[in-house]
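Every read-out reported here was derived from the displayed coordinates using simple, explicitly stated rules and does not represent laboratory data. Since the structure is predicted, the reported quantities are computational estimates derived from the model, not experimental observations. Neighbour counts run over all protein chains shown; Cβ positions are idealised from the backbone, glycine included.
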Amino acid sequence: MLDRTVALDVFATTTVAFIALEAAYSRRIDTIPVLVVLSLVGFVGSVTIARFASREPVGEGKVRSRDELAREQAARDESERAAAERAAGEPEQLRPDEPGGVTS
């Protein structure tokens with residue numbers, strides 16, 4: 001999406017430059033409002049797309065440092081170790097639909 005924004009900016013800038021050069025060459029001042037409108041449309045379009053693109057879901061697209069990655073991995077390892085300890089300490093329970101299971 002941002003590549004299209006850059007393409008739109010290049011197109012708008014080229015168009016404004018061409019019209020400005022043509023106005024300077026022919027010594028016309030009646031094209032100044034056209035230049036202003038085209039410049040504003042390009043600017044407002046770029047700002048709008050940039051604001052839209054900057055709103056990402058939480059945690060998505062975030063660049064994390066090595067320390068943050070290490071903390072996340074340590075927390076993940078700790079939760080896996082705690083789950084393994086809980087599973088080792090609890091006896092297996094049979095479901096009622098298994099052979100030898102508890103029935104009411």
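Summary table
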item	result
Pair list, Cβ under 6 Å, 6 or more apart: region 10-28 residue farther than 16 Å from residue 44 by Cβ, other residue among the β-branched types (Val, Ile, Thr)	19/31; 23/31
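Here's the yes/no breakdown for (1) surrounded by 14 or more Cβ atoms within 10 Å (Cβ to Cβ); (2) in a helix (DSSP H, G or I); (3) not aromatic (Phe, Trp, Tyr):
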site	(1), (2), (3)
17	no, yes, yes
22	no, yes, yes
25	no, yes, no
30	no, no, yes
35	yes, yes, yes
39	yes, yes, yes
42	yes, yes, yes
49	yes, yes, yes
